[in-house]
Amino acid sequence: MTEPLAMHFAAADTDAGQKALAELSDVYPSVPVAEADVVVALGGDGQMLRTLHRMLDRGTPVFGMNCGSVGFLLNEYRTDNLEKRISDAQEVIIHPLSMKAHSESGAEIDAYALNEVSLLRQMQQSAKLAISVDGVLRIPELIADGVMVATPAGSTAYNLSAGGPIIPLQANILALTPISPFRPQRWPGALLHSSSRVRIEVREPHKRPVSAVADSTEIRNVRAVDISESAAQARLLFDEDAGYNERVLRLQFGR
């Protein structure tokens with residue numbers, strides 16, 4: 001006899017998330033996260049990202065159901081046949097970015113980013129940034145509102161709204177995308193191999209302070225940031241008839 005799937009529900013602290021939690025708890029038992037075969041995230045993309053971050057050390061797969069607005073990383077919310085949906089699901093592996101931020105105070109802060117690492121101006125003046133890739137200075141001075149390095153999974157989020165490209169997960173590519181660039185004028189950004197190591201240094205940090213943000217982790221007043229793909233893994237599960245690659249294709253063709 002097959003053992004039932006051990007599920008842990010991780011719901012957003014919203015009316016929709018809590019309502020879904022109550023409905024599912026009436027049908028399926030929820031076990032502590034340490035005992036779970038799979039975690040079911042209930043909420044929007046923000047809840048999904050928070051759940052994936054929590055599971056990085058455990059390696060537990062996450063099946064999300066959309067109880068938010070966009071829900072690009074989540075599946076349709078339904079209460080029926082949940083165990084079968086999870087058993088039949090397609091798995092996608094995401095390697096988060098590793099960020100080491102060097103602050104003006106001398107502190108070094110490490111963080112993971114499943115979507116993107118972004119450097120953003122803190123005040124009214126544009127940021128001045130120098131960008132090196134694998135030890136080679138590629139842009140001595142970028143004047144802009146900021147710049148980001150996005151994963152394939154994050155390419156459909158902030159990166160896309162800033163004019164960056166949509167990247168399939170299998171491409172082993174990172175997007176280096178400027179945010180409202182002034183100089184070099186019309187610089188479109190660059191596509192980098194996932195093994196690339198990016199260093200972004202802040203010019204005139206006292207006059208033009210800059211924040212570094214890795215998903216929801218923000219470090220203010222940075223002087224330099226080192227970014228590379230980490231060996232950690234986030235495991236996402238998608239319904240077999242609505243996999244991530246199909247979603248990316250639909251988005252690229254305006255659907």
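Conditions: (1) within 18 Å of ARG138 (Cβ to Cβ); (2) buried (at least 18 other Cβ atoms within 10 Å of the Cβ); (3) touching a residue at least 24 places away in the same chain (Cβ under 8 Å); (4) within 21 Å of the chain's Cα centre (by Cα). VAL202 meets all but one. Number of the miss?
(4)
Considering each of SER196, SER211 in turn, give the residue that is at pLDDT 95 or above, under 22 Å from SER161 (Cα atoms) and touching an Asp or Glu at 6+ places or on another chain (Cβ under 7 Å).
None of the other options fit; the residue is SER211.
Yes or no: THR60 assigned to a loop (DSSP other than H, G, I, E, B) and at pLDDT 90 or above?
yes
For residues that are in a loop (DSSP other than H, G, I, E, B) and under 23 Å from the mean Cα position of the chain (by Cα), tally how many sit in segment 119-146.
Selection size over segment 119-146: 2.
Just checking, does segment 95-110 include any residue being surrounded by 13 or more Cβ atoms within 10 Å (Cβ to Cβ), in contact with a Cys (Cβ under 8 Å, 6 or more places away or on another chain) and among the hydroxyl-bearing types (Ser, Thr, Tyr)?
Taking every residue of segment 95-110 in turn, none turns out to be surrounded by 13 or more Cβ atoms within 10 Å (Cβ to Cβ), in contact with a Cys (Cβ under 8 Å, 6 or more places away or on another chain) and among the hydroxyl-bearing types (Ser, Thr, Tyr).
In segment 1-31, which residues are within 14 Å of ASP80 (Cα to Cα), touching a residue at least 40 places away in the same chain (Cβ under 8 Å) and in a loop (DSSP other than H, G, I, E, B)?
VAL27, TYR28
Quick one: in segment 214-255, of everything that is among the small types (Gly, Ala, Ser), part of a strand (DSSP E or B) and within 22 Å of GLY46 (Cα to Cα), which residue is modelled with the lowest pLDDT?
Within segment 214-255, the match that is modelled with the lowest pLDDT is ALA234.
The values are calculated or read from the model by the stated rules, or taken from the named source; none is laboratory data. It should be emphasised that the depicted structure is a prediction, and the values quoted were computed from it without experimental measurement. When we count neighbours, we look across all protein chains shown, and the Cβ atoms used for this are built from the backbone with ideal geometry, even at glycine.
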